[in-house]
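A.B. asks: Below is one structure. I have some questions about it.
What follows draws every value from the coordinates through simple rules; no lab data is involved. What you are looking at is a predicted structure, and each value in this text was computed from that prediction instead of being measured. Backbone-built Cβ (ideal geometry, glycine too); neighbour counts: all protein chains shown.
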Amino acid sequence: MFSIRFPQLAKVWSKTKSIMPLALMCISAFQTFAQKTEVDYVNPYMGNISHLLVPTFPTVHLPNSLLRVYPERGDYTSDRINGLPLIVTSHRGSSAFNLSPLTSGSRGLEPVINYSYDQETINPYSYSVYLDQVNIQVDFAVSHQSAIYELNFEKESTPQLIFNTRKGDIKWDGKGLSGSQDIGNNTKVYLYAEFQKQPIQIGSIKNGKISNNSESSGENANLILTFPKGKKSVSVRYGISFIDAAQAKANVNREIKDFDLAKIKEIGKQTWNNALGKLKVEGNNENDKNIFYTSLYRTFERPVNISEDGRYFSAFDGKVHNDEGTPFFTDDWIWDSYRAHHPLNVLIDTKKEGNILQSFVRMSEQMDNFWLPTFPEINGDSRRMNSNHGVAAILDAYEKGIRSFNVEEAYRAAKGAITEKTLAPWSGKPAGRMDQFFVDKGYIPALNPGEKEIYPEVHDFERRQPVAVTLGTSYDFWCLAQLAKHLGKTDDYDRFMKMSFNYRNLFNQETKFFHPKDEKGQFIQPFDYVFSGGQGAREYYGENNAWIYRWDVQHNIPDLINLMGGNQKFVQYLDEMFVQPLGKSKFDFYQQLPDHTGNVGQFSMANEPSLHIPYLYNYAGQPWMTQKRIKTLIKQWFRNDLMGVPGDEDGGGLSSFVVFSQLGFYPVTPGSGVYSIGSPFFEKSTIVLENGKTFTVLAKNASDKFKYIQSAKLNGKLINKPEITHKDILEGGTLELEMGDKANKNWGVIK
C-alpha cells in the first residue's frame, strides 16, 4: 500500500534504511497534499472534446465577471490557435478583440495570426502557452473587467503586437490603445490597453503591408505596435467595457494598478477559493473532488455582472443606466438554468441571486413589452427555447426567503410573458390564435404530418413544440399560482392552479405517454415515441423525444404517478426507459436527435429536461433506485477527462446537477422548497451559508460501493423520508447518513 501510493518514498526507504529521511519526506508529502485548495481541483479541460455537439470551453475568468477568455481554436484537438483572446462576449462566442505577438520580419503580416502552440496551461484565473514556431512565451492573468498579458520573446529581435477588432474601430491616443467592436443589436464592446514600455512605431496592416496609421476602422480593423529592438519582454494591461472606451480605461486603472502579473494571479486564485469554498467536501476519492469543483466552477460562468462603477449598458433598451447599488446581471440561459443553476445560487449565493432576479425585472422594464426575458444575453433577449421558466427562478428564490428583489414587478412581468406573449418557441411576438386555442382548449395543437404552419406567431425556422410547450407552461402556471398565493392574489391563484393541470390534456391513457393532439382533439397517428417529430423531435417535443417528456410534470409528481397507474407501474415505466434500445443505429439516432446524448436506453444524461428523472423513484416508494441511478449515471457520464461531460454543458446548467447530486440531494421541483435525497459522493460535505450557519452532510462509509442509505438522522433525529427542506438547511445542522453496499429497501419509503 505504502509503496503504491508513495513509490518515491518507498525507494528511499529501501536504499537508506533510515527512518529520519523517510519521516521528513512523509511530512513534506502530506503538507503538500494539505495545501491543495478548492481551485486546485478545477480542471477547465474537462469536457473540452464533445461527444457530439458543443464542448465545454476552458474559460479563464473570475466568478460571474464581465471579462472571460479562452483560446480561440476550431476545437480542442486543433493544432493552431487564432491569436490571443482579449474577451469573449458570450459563453460560446469567439473573441471580440484579438492580440497577435510576433517579431519584425519573422512572418507574413495579417490582422490575426494563426499559431502553432505547446505547453498550454489553463486554470480558472490564468493562462499560459508557448508559441513554439515563433518562440514566444505567453502568460495571462484575469481580473473582473480587466486583464494582463506578459509576452516574453526568446530571440533577439524587434517585438511587435497586432491588435485586431473584427468589426469596429481601433486607435492610438499617444499613451494607450482604444477600440470597439460591434457584437450585434446595437451593442458594442470597448477596449483600452496600456503598456509597461511605450511602442516606438504605430501602423496598420492591409494586404500584408504596414501603412503609417494610428487608427483603423471597418472589418478586421487593426493596429500594429512596434517596440524597441532587443526588448525581450512586453507587458500589456487592458480593460473591457460595454459602456465606452473611457470606462474601459477606468476599469483597468481601478483593478490593475501596475504590471505585476503574479499579483493579479494570486488575487484571482483567492477570489476563486472564496467562491468555491462555500462548499467544502471531504473524502478519499480525489477524482470525485476534481469533478465536483470543476462542475462548481462551471456554475460561475453565467450570468455575468456587467455593472461598471455603478453603471451598466443594457442591450434591452440600448441605454446606459445607473445601477443604483444593485449590480446588473445578464447572459442567463433560463431554460437550462432554472432547474438547478438558480437553486444552487439560492443555496450558496443568496445576495447574487436576488440581484439576478432584480435584473430580470429591469430587463422587463426596458424592453418594449413588460415581459420577463426567456434567454437574456449580452446583446439582449434572444427568446430562445420554449416556455417562460424565469417564473420558476423567481418563485424558488421567494419561497426560500430571498426578498431583495421587487417580487410584485417580477410577478407582473412573469404573468405578462406567459399570458400576453406568444408561447411559440423562439418568438417574441404577442399572443395570437395559437395562444387563444391554448387558453380555450388547454393544450397547444399539433400539425399532422404534411400540414403547413398557419399561425404567424410561430418562428420562421422553428416548430410549435406542442407537447414541450404544454407541459412546460403547465409548470409555469403552477409557479405563477404559488406566487399569486404569496402575494394575496386569490383570483389569479385559482385561475393558474386550474391551468397547471393542462398537461393532463395530452396524456394518452392507453400508452401512458404525453402524446400530441391536433386541433380536432385527435391524437396524431401513427406515432413513434422515439422518432416522431422530425429534427430534434421539435414538431412535437423539443431536443428530446417522448421518453424524456413523459416525466415533465415537475410540479405534480403524485398526479403523474396516479395517471400512470400507481407506484408499481410508475417504477416499471421508469425502468423501461433505461433499457429501451435506441431503435436505430447510433448514426441514425443522433442524426435526428443530436441533443439526446449520454444515453442509458432512452434516458439522456446530456440534456436538462432529464435531470430530475433519476430522483423520481423517491416519489414512488423506491428511493434505493434513485441512489443506484445517481451514482451510476454520474460515474458513467461525468469524468475528470477531456470527454468527461456528456452533452452541452450550457455554462452551469448541466454542472449544477452534478454539484447537487454529489452533495447528496437535488431540487426536483424548483419553487417547492424541498430537496430530494440521492446518494452522497463524499463522507463529509459542508455548505457555508450566507446567514453565518453551516449545514453538513455526513455520509458514513460513502464510496462507489457503499452508495445505499441504511438509515438517516437530521440533527440527531431519525428520518425515514428521502427529502429535506430548504428551511432545514437554513437552520444549520447535520444530515447523517449511514451508507451500505446493499440497498435498504425499507428506508425512505413514503406511505
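A.B. asks: Is the shape of the stretch 42-143 rounded, prolate or oblate, going by the alpha carbon gyration tensor and its root eigenvalues a ≥ b ≥ c, with a/c under 1.5 for rounded and a/b larger than b/c for prolate?
C.D. replies: prolate
A.B. asks: Between residue 694 and residue 311, how high is the FRET efficiency from 1/(1 + (r/R0)^6) when r is the Cβ-Cβ distance and R₀ = 41 Å? Nearest 0.05.
C.D. replies: 0.65
A.B. asks: In nm, to one decimal, how far is the modelled label at residue 217 from the one at residue 508, with both set 7 Å along Cα→Cβ?
C.D. replies: 6.0 nm
A.B. asks: With the dipole of the stretch 636-749 worked out from charges on the C-beta (+1 for Lys and Arg, -1 for Asp and Glu) around the Cα centre, which of 674, 643, 720 lies farthest toward the positive end?
C.D. replies: Farthest towards the positive pole: 720.
A.B. asks: Among 131, 253, 211, flag the residue with its Cα farthest along the positive direction of the charge dipole of the stretch 80-272, charges on Cβ as +1 for Lys/Arg and -1 for Asp/Glu.
C.D. replies: Final value for the positive-end residue is 211.
A.B. asks: Could you grab the relative contact order for the stretch 147-264? Cα pairs under 8 Å, six or more apart, rounded to a whole percent.
C.D. replies: About 35 percent, as a whole number.
A.B. asks: Continuing with this model, one more query. Give the dimensionless ratio obtained when the Cα radius of gyration of the stretch 320-421 is divided by 2.2 N^0.38 Å.
C.D. replies: That works out to 0.96 for the stretch 320-421.
A.B. asks: On to the next question. How long are the three semi-axes of the equivalent ellipsoid for the stretch 623-738, computed from the Cα gyration tensor as the root of 5 times each eigenvalue, in whole Å, largest first?
C.D. replies: Calculated on Cα positions only, the semi-axes equal 23, 17, 13 Å.
A.B. asks: Charges only on Cβ, +1 for Lys and Arg, -1 for Asp and Glu: so what's the dipole of the chain about the Cα centre, in debye to the nearest 20?
C.D. replies: It comes to approximately 1760 debye.
A.B. asks: Of all DSSP beta bridges in the chain, what percent run antiparallel (nearest 5)?
C.D. replies: Around 95 percent of the beta bridges assigned by DSSP in the chain are antiparallel ones.
A.B. asks: Counting helices only, and only those DSSP H runs with n ≥ 4, report the 222 nm mean residue ellipticity of the chain as the sum of -39,500 (n - 2.57) divided by its residues, in deg cm²/dmol to the nearest 500.
C.D. replies: -9000 deg cm²/dmol
A.B. asks: With only alpha-carbon pairs counted, each pair once and no self-pairs, how large is the Kirkwood hydrodynamic radius of the chain in angstroms?
C.D. replies: 27.6 Å
A.B. asks: Using the Karplus equation 6.51 cos²θ - 1.76 cosθ + 1.60 (θ = phi - 60°), what ³J(HN,Hα) coupling, rounded to whole Hz, does each residue of the stretch 649-657 give in order, writing x for Gly and Pro?
C.D. replies: Whole-Hz 3J(HN,Hα) from phi for the stretch 649-657: 6, 6, x, x, x, 7, 5, 4, 4.
A.B. asks: Let me ask another. At 7 Å along Cα-to-Cβ for each site, give me the label-to-label distance between residue 591 and residue 320 in nm.
C.D. replies: Calculated label separation equals 5.4 nm.
A.B. asks: Choose one of 165, 689, 337: the residue whose Cα lies farthest towards the positive end of the charge dipole of the chain (beta-carbon charges +1 Lys, Arg; -1 Asp, Glu; about the Cα centre).
C.D. replies: 689
A.B. asks: A further question on this structure: Please list, or write none, the aspartates and glutamates whose alpha carbon is within less than 17 Å of the alpha carbon of residue 188, excluding same-chain residues fewer than 8 places away.
C.D. replies: 169, 219, 244, 308, 317, 331, 377, 381
A.B. asks: Give the lysines reachable from residue 717 as a straight Cα distance under 17 Å; neighbours fewer than 8 places away on the same chain don't count.
C.D. replies: Residue 717 reaches 700, 727.
A.B. asks: From the backbone phi of the stretch 190-205, what are the Karplus-calculated ³J(HN,Hα) couplings (6.51 cos²θ - 1.76 cosθ + 1.60, θ = phi - 60°) in whole Hz, Gly and Pro given as x?
C.D. replies: The phi angles translate into 10, 10, 9, 10, 10, 10, 5, 10, 6, x, 9, 8, 10, x, 9, 9 Hz.
A.B. asks: Pairs of Cα atoms under 8 Å, at least six residues apart: use those to get the relative contact order of the chain, whole percent.
C.D. replies: 11 percent
A.B. asks: Would you please classify the overall shape of the stretch 425-555 from the alpha carbon gyration tensor, given that a ≥ b ≥ c denote the square roots of the eigenvalues, rounded means a/c under 1.5, and beyond that prolate means a/b larger than b/c while oblate covers the rest?
C.D. replies: Here the stretch 425-555 falls in the prolate category.
A.B. asks: May I have the convex hull volume per residue, in Å³, for the Cα set of the stretch 455-501?
C.D. replies: Spread over its residues, the Cα hull of the stretch 455-501 gives 86 Å³ apiece.
A.B. asks: Whole angstrom only: what separates the Cα centroid of the stretch 433-497 from the Cα centroid of the stretch 565-615?
C.D. replies: Rounded to whole Å, the Cα centres lie 25 Å apart.
A.B. asks: How large is the convex hull of the C-alpha atoms of the stretch 219-302 per residue, in Å³?
C.D. replies: 208 Å³
A.B. asks: Now for a separate question. For residue 263, go through the aspartates and glutamates and keep the ones whose alpha-carbon is under 12 Å away, minus same-chain ones fewer than eight residues off.
C.D. replies: 255
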